[in-house]
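This report refers to the structure that appears directly beneath it.
The values are calculated or read from the model by the stated rules, or taken from the named source; none is laboratory data. What you see is a predicted model, and the numbers here were worked out from it, not measured in a lab. In this analysis, Cβ positions are derived from the backbone assuming ideal geometry, glycine residues included, and neighbour counts consider all displayed protein chains. All accessible areas refer to the heavy atoms of the entire protein, side chains included, with ligands and DNA or RNA removed. Shrake-Rupley method; radii C 1.70, N 1.55, O 1.52, S 1.80 Å.
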2 protein chains.
Amino acid sequence: MPFFRDWTSPDNMPKDGAMGPQLLPRWPAWFFRAAQGWWPKGHPRALLRTACMPGPVVEPRLRLGASIIICRSCSSTSPGPTGVRLTQERYPVQRLPFSVVSEQDLAAFERILPGRVVTSPEELAVANVDWLRTVRGCSQVLLKPRTTEEVSKILRHCHEQKLAVTPQGGNTGMVGGSVPVFDEVVVSTALMNQVTSFHTVSGVLVCQAGCILENLSQYVEDRDFIMPLDLGAKGSCHIGGNVATNAGGLRVLRYGSLHGTVLGLEVVLADGTILNCLSSLRKDNTGYDLKQLFIGSEGTLGVITAVSILCPPKPKAVNVAFLGCPGFVEVLQTFRSCKLMLGEILSAFEFVDAECMRLVGQHLGLSCPVQESPFYVLVETSGSSTDHDGAKLAAFLEHVLDSGLVTDGTVATDERKTKVLWALRERVTEALSRDGYVYKYDLSLPVDCLYDLVVELRARLGSRARAVVGYGHLGDGNLHLNVTTEAFCPRLLAELEPHVYEWTASQRGSVSAEHGLGFRKRDVVRYSKSPAAVQLMQGIKALLDPRGILNPYKTLPSKP
Amino acid sequence: MPFFRDWTSPDNMPKDGAMGPQLLPRWPAWFFRAAQGWWPKGHPRALLRTACMPGPVVEPRLRLGASIIICRSCSSTSPGPTGVRLTQERYPVQRLPFSVVSEQDLAAFERILPGRVVTSPEELAVANVDWLRTVRGCSQVLLKPRTTEEVSKILRHCHEQKLAVTPQGGNTGMVGGSVPVFDEVVVSTALMNQVTSFHTVSGVLVCQAGCILENLSQYVEDRDFIMPLDLGAKGSCHIGGNVATNAGGLRVLRYGSLHGTVLGLEVVLADGTILNCLSSLRKDNTGYDLKQLFIGSEGTLGVITAVSILCPPKPKAVNVAFLGCPGFVEVLQTFRSCKLMLGEILSAFEFVDAECMRLVGQHLGLSCPVQESPFYVLVETSGSSTDHDGAKLAAFLEHVLDSGLVTDGTVATDERKTKVLWALRERVTEALSRDGYVYKYDLSLPVDCLYDLVVELRARLGSRARAVVGYGHLGDGNLHLNVTTEAFCPRLLAELEPHVYEWTASQRGSVSAEHGLGFRKRDVVRYSKSPAAVQLMQGIKALLDPRGILNPYKTLPSKP
């Protein structure tokens, strides 16, 4: 079983694809390279050895009159087959009084989904751990429905039996939202991957929740449209998961958030009720817009089973400019000029700082295409005319170079070269992973002060940090603030938290711009939301999921 | 008191502005001309004469230990000073067991809002009736808070005393959502009209809910931005009301709905709790996106007191083309060409049929600028380059003319001429009002079948209808279907309803695309939403407003 080799040892790391299509999350190759180096040499985690996962043992527990399966690994202090410690051991969290999956439950699931009730340790191991290797549950069953009706029957059963459920899409989340914390039943959308319809005039795509974003992109691009969202995990993430987490990514600046582009949803509620709001209409003011509740609710209010989404026409011309700026003030002024001069064709405005560029050079061997600068900006245009877009971009570049906002730059128009420039921005995450242990923050801030915290932390941490970097979607006011050290250090963490959150709150920013709260960030919600807001969220949760079975321990704070 | 003259007689109709700025809703002049002719000659309503509104009479009722005010007009069968029958007499609706405003309540309000507790019959008469003259309440008090804290205190009092409340913005709604049905306390946002902040880089505007849309438009246009929404009622409507009704209008095609452009809201909940979700951030994934609940909830879940909204940069070039098409198939093909060839600069695609054009000619004296055709299309482009946009538009026009999709057309670039062309589309409503009694439907439909119902109804009704017309925001799939007759005819209504709703439901359309449900359409929600969806809406209402005091009798169906 090659999958159970120790991932903490580079020699034992599975090669891309070695796990076979079912076990291997479809992340780009670099994610696996990153995972390989996730625990740097010398880190305690890198010394751990794994044990074979024990088989299920049947003994009575909790529910009367039922045979119960529990898993030895749940009470084990072993890091498990993946080298990741169990969530219940690593974090202070108590199991809620849900039932435990019994043989009767498995038999009921088997009746609902013949042949698609997975209990094999290999598949469960993948479903139980997140790709960042920060959380690991010990679920004993993974269900693979194909239809909404099957999801409905599963939830009705779980609701009646008080079994907790974790909905899972591509399992590409950043905050531990898509894996079980304890032994929740995992309901995967992997087999719900059919396109229902696509309208070639309106650009409305209707599909099942388990469609992989990249496949959908290809599908609509073949029909001269594009998906309104794009993100690094597109090769693995499911559209249902994207919607459930209100995924941001690279196209928010141009096409807005999913709250605007999603036209309809089909959702199965906690008790199995199918809520069909799968409208394909751009306008519908008949009552409350219920679908909005589920966008960004991280599977805690219902399981999204189908999505209707508005796809923009495919741009005929795409240009990418990569520019060096002498300071952050100039980055902001370049952004302002961009909006004014590129107007409707501006489709991305991203930035990385010099430290990011150093890291992609050092760890990935990428070379900076422009003169060394304190900041670099990536500007993308997408439009319907090569000539017009080129002329607008040329005028913009002339202006920013003449005025000294930009000291050097390069432009690409063909797809191969634009990808090379995009890699300098998109591979920063990977370079950081290779630099050591990474403390990651995903903040929304007013653009004027977007970089201030990076400067402050760099001064505060001094040589105790290897790197303190800032990069991200400047056009959306979204900063990815990352700090690396050789190994995890609780004292450094104490210097970062709650300081980063308090500083963000003082600027009325968001402590989670696009990653969500999931399991790991659920207790920082109070830095961005008032007690009244959190209380209303809890009321909505209680209304929609009175037994609390849907993705428990996620999104809402652990303390009432 | 000129206002109390009989509006049903043209001679007595107040001239524009005659009521003074406080009494006169700031609608464009043509709305008043339209209102003047609302009941055509011969219609029973046109014969009614009004009585002076009686003063309040104090007598004990309902609540113990309190002096109670009731209004004789509430039980009167008179059409009241405005010539409009009371809602409770015209429609089958029963008053719910709310308290009645007492002297003690008035005193409490006076302590909260010194000098801004309005009980004068003149002002109340305006607040009690909708501009379409279809509904009229008999509220005895109108409150004019200036701050969110005042709104909070008002609602806390009303919640404790179980007094029903109707929030009111510009009172420009189409479905009777913003006036009391019985004697609800009217809480007006008229004095909450301050801009809080505007950010000239991000384009984020934060303002109080009572700001008039046109004033905001002017404010941001002075700073080179535009509001992401525009609609006929902009001279009177309040931004808070726009958000509460999820107003559509003319810019949805380009900038999307308010669910995407509204970044944050401040809302006062039924019990007076202030819910501050007034974020100015483009991205914020910290918990459920609560603001979405209130967008389109028509004041039934909370009173919106402030809005944060993302304004797009002001386009430097605007072109309008008015085109004649030989058939609806060609209209659809022209739309497809438009999207392909105009791409990112397309900002509106509207259509009117020949019957609409006949009516604007007959009633308003407007002349058709192109050769007579079965259909007319208005295409607007908004972009950042006069040259580029002109070139794109020219190429598009050449294509549609050469291919026979369009038989004749005209283009305007300067503001005066574009307004003339826009008037041909925008003044259709006015022309219809002058044609007789109007049966109005606002439907979302798949574009392919958008016009089918108009054709079918025209054949079905024959000479019993004066006109059966279709026009609207084709780019959004939004049809305004209107039927006119000399006078209101219940038998004709019975032919239209529920047929129009059933037909729309059969196409999975929406029976209210942009107007909302309010009071008059609340019972048709079931044609567009499933029982499970309606049940969830009712659950949300009960969660947020357990005593049901906020805008009762609106949005949710009358029968559980």
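In 10 Å bins starting at 0, how do the alpha-carbon pair distances of segment B:174-278 split up by percent?
13, 46, 32, 8, 1
Measure off 7 Å from each Cα along the Cα-to-Cβ vector at A:Ala391 and B:Glu456, then give the distance between these two points in nanometres to one decimal.
So the label points at A:Ala391 and B:Glu456 sit 4.8 nm apart.
Would you kindly work out, in nm and rounded to one decimal, the distances from the label point of B:Arg358 to those of the same position in each other copy, ordered shortest first, with label points 7 Å along Cα-to-Cβ?
Taking the point 7 Å beyond Cα along Cα→Cβ, the inter-copy spacings are 7.8 nm.
Using a 1.4 Å probe on protein heavy atoms only, how many Å² of accessible area do B and A hide from each other, summed over both chains and rounded to 100?
What B and A bury together is about 6600 Å².
Please report, in whole Å³, the volume per residue of the convex hull around the C-alpha atoms of segment A:477-558.
Here the figure is 116 Å³ per residue.
Along the axis that rotates chain B into chain A, which residue of chain B has the nearest beta-carbon, and what is the gap in whole Å?
B:Gly260, 1
Over segment B:511-560, how many percent of alpha carbon pairs lie in each 10 Å bin up to the one with the longest distance?
Spelled out per bin, shortest first, that is 26, 58, 16.
Under 25 °C and 0.890 mPa s, how fast does chain A diffuse according to Stokes-Einstein, given a Kirkwood radius computed over C-alpha pairs? Answer in µm²/s, whole number.
So the translational diffusion coefficient is about 100 µm²/s.
Name the residue from A:Ile212, B:Gln194, A:Leu106 whose Cα lies farthest towards the positive end of the charge dipole of the protein assembly as shown, charges +1 on Cβ of Lys and Arg and -1 on Cβ of Asp and Glu.
Of the options given, the answer is A:Leu106.
Taking every alpha carbon pair in the protein assembly as shown, what does the distance histogram look like in 10 angstrom bins from 0, in percent?
2, 10, 18, 22, 20, 15, 8, 4, 1, 0
In segment A:330-387, what is the volume of the convex hull around the alpha carbon atoms, normalised per residue and reported in Å³?
Here the figure is 104 Å³ per residue.
Give me the one-decimal nm value for the distance between modelled label points at B:Ser530 and B:Lys440, 7 Å along each residue's Cα-to-Cβ direction.
Distance between label points: 3.2 nm.
What are the radius of gyration and Dmax of segment B:362-446, computed over its Cα atoms and given in Å?
Reported Rg and Dmax, both Å: 15.6, 46.
Which positions within segment A:312-335 get 20 Å² or more of their accessible surface covered by the other protein chains, compared to the chain by itself, with a 1.4 angstrom probe?
A:Pro313, A:Lys316
Take the Cα coordinates of segment B:402-475, assign each an equal point scatterer, and use the Debye formula without solvent to give log10 I(q)/I(0) at q = 0.21, 0.22 Å⁻¹.
Those come out to -1.15, -1.18, one per q.
Taking each pair of different alpha-carbon atoms in segment A:300-447 once, compute 1/r for the pair, average those values, and report the inverse of that mean as the Kirkwood hydrodynamic radius in Å to one decimal.
About 16.8 Å, per the Kirkwood formula over Cα pairs.
Could you compute the FRET efficiency for B:Lys419 and A:Glu415, with r as their C-beta to C-beta distance and R0 at 41 Å, rounded to 0.05?
0.40
Given the options A:Leu432, A:Leu517, A:Thr504, identify the residue whose Cα lies farthest towards the positive end of the charge dipole of the protein assembly as shown (+1 on Cβ of Lys, Arg; -1 on Cβ of Asp, Glu).
Result: A:Leu517, furthest along the dipole toward the positive end.
Computing the accessible area with a 1.4 Å probe over protein heavy atoms, can you report the carbon and sulfur percentage for segment A:391-448?
Of all accessible area on segment A:391-448, carbon and sulfur atoms account for 51 percent.
How big is the C-alpha Rg of segment A:231-338 next to the rule-of-thumb value 2.2 N^0.38 Å, as a ratio?
1.37
Please give the per residue accessible area of the protein assembly as shown, computed with a probe of 1.4 Å over protein heavy atoms only, in Å².
Computed with neighbouring chains in place, this is 36 Å² per residue.
Beyond 21 Å, what percent of the Cα pairs of segment A:132-201 remain?
Details: 781 of 2415 pairs.
Percent of Cα pairs beyond 21 Å in segment A:132-201: 32.
As a test of the definition: which semi-axes, in Å, follow for segment B:200-242 when you take the square root of five times each eigenvalue of its alpha carbon gyration tensor? Largest first, please.
Details: eigenvalues 59, 25, 13 Å².
Each semi-axis is the square root of five times an eigenvalue, giving 17, 11, 8 Å.
Once the label point is placed 7 Å from Cα along Cβ, list for A:Ala391 the distances to the corresponding points in the other copies, in nm, shortest first.
With the label placed 7 Å along Cα→Cβ, A:Ala391 yields 0.4 nm.
What pairs in A:Lys339/A:Lys419; A:Lys144/A:Lys291; B:Lys153/B:Lys521; B:Lys440/B:Lys554 have C-alpha atoms more than 21 Å from each other?
The pairs that break the limit, which is 21 Å between Cα atoms, are A:Lys339/A:Lys419; A:Lys144/A:Lys291; B:Lys153/B:Lys521.
For segment A:365-389, state which residues have at least 50 Å² less accessible area in the presence of all protein chains than in their chain by itself, taking the probe as 1.4 Å and leaving out ligands, DNA and RNA.
Checking the loss per residue gives A:Ser384, A:His388.
Find the all-direction average of the projected area of the Cα convex hull for segment A:405-560, expressing the result in square nanometres with one decimal place.
12.5 nm²
Where the eigenvalues come from the Cα gyration tensor of segment B:291-368, what are the semi-axes √(5λ) of the equivalent ellipsoid, largest first, in whole Å?
Values: eigenvalues 226, 90, 45 Å².
Sorted largest first and rounded, they come to 34, 21, 15 Å.
I need the inter-copy label distances for B:Arg95: point set 7 Å along Cα to C-beta, values in nm with one decimal, smallest first.
In nanometres, ordered from closest: 5.9.
Please compute the contact order of chain B in relative form: average sequence separation of alpha-carbon pairs under 8 Å and at least six residues apart, divided by the residue count, as a percent.
Values: 1175 pairs, mean separation 74.3, N = 560.
About 13 percent, as a whole number.
With each run of n ≥ 4 DSSP H residues scored as -39500 (n - 2.57), what mean residue ellipticity at 222 nm is computed for chain B after dividing by its residue count and rounding to the nearest 500 deg cm²/dmol?
After summing the helix terms and dividing by the residues of chain B, the value is -9000 deg cm²/dmol.
Among DSSP bridges having both ends in segment B:149-271, what percentage is antiparallel? Round to the nearest 5. If you can, show how the numbers build up before the last one.
Working: 4 of 8 bridges.
Rounded to the nearest five, the antiparallel share is 50 percent.
Suppose every K and R has +1 on its Cβ and every D and E has -1 on its Cβ; what is the size of the dipole of the protein assembly as shown about the Cα centre, in Debye to the nearest 20?
Charge dipole, the protein assembly as shown, about its Cα centre: 2420 debye, nearest 20.
For A:Asp271, project a label point 7 Å along Cα to C-beta. Then give me every residue of segment A:131-171 with its amide nitrogen under 11 Å of that point.
From segment A:131-171, the list is A:160.
Tell me, rounded to the nearest percent, the portion of alpha carbon pairs in segment A:105-223 spaced more than 19 Å apart. Intermediate values should be presented prior to the final figure.
Working: 3574 of 7021 pairs.
Tail of P(r) above 19 Å: 51 percent of Cα pairs.
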